[in-house]
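The values are calculated or read from the model by the stated rules, or taken from the named source; none is laboratory data. Owing to the predicted nature of the structure, the values given are computational and were not obtained by experimental measurement. Glycine gets a Cβ as well: all are built from the backbone with ideal geometry, and neighbour counts include every protein chain shown. Each accessible area value is taken on the protein alone, full model and side chains, heavy atoms only, with ligands, DNA and RNA left out. Shrake-Rupley method; radii C 1.70, N 1.55, O 1.52, S 1.80 Å.
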Amino acid sequence: MLRHSKASPLLSLPGAVPAEAPDEGVAAHYGDLFREQRALADGSGFVDLSHRGVVTVTGAERLPWLHLLITQHVTDLAPGHATEALILSAHGHIEHALYLVDDGETTWLHTEPGTQEALIAYLESMKFFYRVEVTDRTDEFAVVHLPAGSIAEVPEKTVARETAHGRDLFLPRGDLESFAAAHGPAIGVLALEALRVEAHRPRLGLETDHRTIPHELGWLGSAVHLQKGCYRGQETVARVHNLGKPPRRLVFLHLDGSEVHLPPHGAPVRLASDGEEGRQLGFITTSARHHELGPIALALVKRNVPLDAQLTAAGTAAAQEVVVEP
């Protein structure tokens, strides 16, 4: 996966520890993971997400055009109203996750690190006669996340996506260090990931694989508009929603806190009663250490796994909570 070529200047802040894939280029934490989580939960500080891709779409026809390509209804998207959307394959599998806002003249979106080039290539191939311009702005703008409840003042003329989980700012890259000095403490991506897992929110490339459909992750509620058609993969979305059930479902796991190591992404999930030689029922998508809940994880498991089943993840005992109903 291609990534932004420059590491964030905020990696030079005291205590900064670089993050690993898929978040290379920014800090995992700044020395105290639980303190950083508590600050985020209380509405303090900010998270450097400058490794994420930034893309803009301009032109008078930008919203009707995007409406034809993505899973969300955006023809009448009001300026300043944040939304999210997916781009699916012809078979309904998730290819891109987009986090959008329109400022009245330009649609701004951010994407997973390194995915913007493939996204732009697809969008360019679908322009046809529409009067739109698609631009990679990753070298010019950095995404910065302010948590819900933050009273930090957003710099004038800065485009922001405001959601229930906080605000994502599209900040000029040259302003990143001065913003950090004025709006600290800086908080690493591991703290944000722990709160994302707690909130059961999926992330492309972690909760998804090459055959994931939106129904499996609970993305129908926030990223898919079920009353619109005319986008690639819509037939699968409608068929599974109306006539069937997805083959897998996202679950939230409470992990055994006595274990030193968290099960990594891809670690097999099995029935505890079957032992470590038992049949694999799914896999860990994201695991984290939470400041209140302890070790937690999201996992994708087969739909027919009993709701009360005791599970193990790479040998670690795991109790499940339902995210997506079977």
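Residues within the reach of a label modelled at residue 158 (point 7 angstrom out along Cα to beta-carbon, backbone nitrogen below 12 Å), restricted to the range 20-45, are 45.
Dipole check for the chain: with +1 at the C-beta of Lys and Arg, -1 at the C-beta of Asp and Glu, and the Cα centre as origin, the magnitude is about 840 Debye.
Expressed as a fraction of 2.2 N^0.38 Å, the value expected for a compact globular protein of N residues, the C-alpha radius of gyration of the range 137-246 is 1.36.
Within the straight-line cut-off of under 18 Å between alpha carbons, the aspartates and glutamates reachable from residue 6 are 20, 23, 24, 48, 112, 117, 136, 139, 140, 175, 177, sequence neighbours fewer than 8 places apart in one chain being disregarded. Each Cα pair under 8 Å and six or more residues apart adds its sequence gap; the mean of these over the residue count of the chain is a relative contact order of 19 percent. Dimensions of the range 152-216 based on its C-alpha atoms, expressed as ranges along the principal axes with the largest first, amount to 42, 23, 22 Å.
The relative contact order of the range 1-122, computed from alpha carbon pairs under 8 Å that lie at least 6 residues apart in sequence, is 24 percent.
Sorting the segments 91-100, 277-286 by their residues' average number of neighbouring beta-carbon atoms within 10 angstrom, most packed first, yields 91-100, 277-286.
Compared with the direct C-alpha span, the chain from residue 271 to residue 303 gains 10.2 nm at full extension, assuming 0.36 nm per residue. The residues 196, 167, sorted by heavy-atom accessible surface at 1.4 Å with ligands and nucleic acids left out, run 167, 196 from largest to smallest. List residues of the range 175-207, by number, whose backbone nitrogen lies under 18 Å from a label position 7 Å along Cα→C-beta of residue 6. Correct set: 175-181. In the frame of its principal axes, the range 85-199 has Cα extents of 45, 32, 23 Å, reported largest first.
When the Cα atoms of the range 80-134 are aligned to their principal axes, the ranges along those axes come out at 33, 26, 20 Å in descending order. For the chain, build the charge dipole from Cβ charges (+1 Lys, Arg; -1 Asp, Glu) around the Cα centre, then report which of 134, 181, 231 sits farthest towards its positive end. After comparing all options, I get 231.
Using Cα-only point scatterers and the Debye equation, what is log10 of I(q)/I(0) for the chain at each q in 0.07, 0.12, 0.13 Å⁻¹, rounded to two decimals? Summing over Cα pairs of the chain leads to -0.29, -0.86, -1.01. The Stokes-Einstein estimate for the range 114-165, based on a Kirkwood radius over Cα pairs and taken at 37 °C with 0.692 mPa s viscosity, is a diffusion coefficient of 233 µm²/s.
In the range 164-282, taking the dipole from charged Cβ atoms about the Cα centre, the farthest positive-side position among 251, 269, 192 is held by 251. Charging the Cβ of each Asp and Glu at -1 and of each Lys and Arg at +1, and nothing else, the dipole of the range 72-229 about its Cα centre rounds to 340 debye. Ranking of 6, 157, 245 by solvent-accessible surface, largest first: 157, 6, 245 (1.4 Å probe, protein heavy atoms only, all chains present).
Computed across the range 1-95, the Kirkwood radius stands at 16.6 Å (inverse of mean 1/r, all Cα pairs). When the charge dipole of the chain is built from unit charges on Cβ atoms (+1 for Lys and Arg, -1 for Asp and Glu) and taken about the Cα centre, the candidate among 151, 288, 12 whose Cα reaches farthest toward its positive end is 288. Rg ratio for the range 236-326: its Cα radius of gyration over 2.2 N^0.38 Å, N being its residue count, equals 1.11. Accessible area of residue 84 (1.4 Å probe, protein heavy atoms only, ligands and nucleic acids ignored): about 40 Å².
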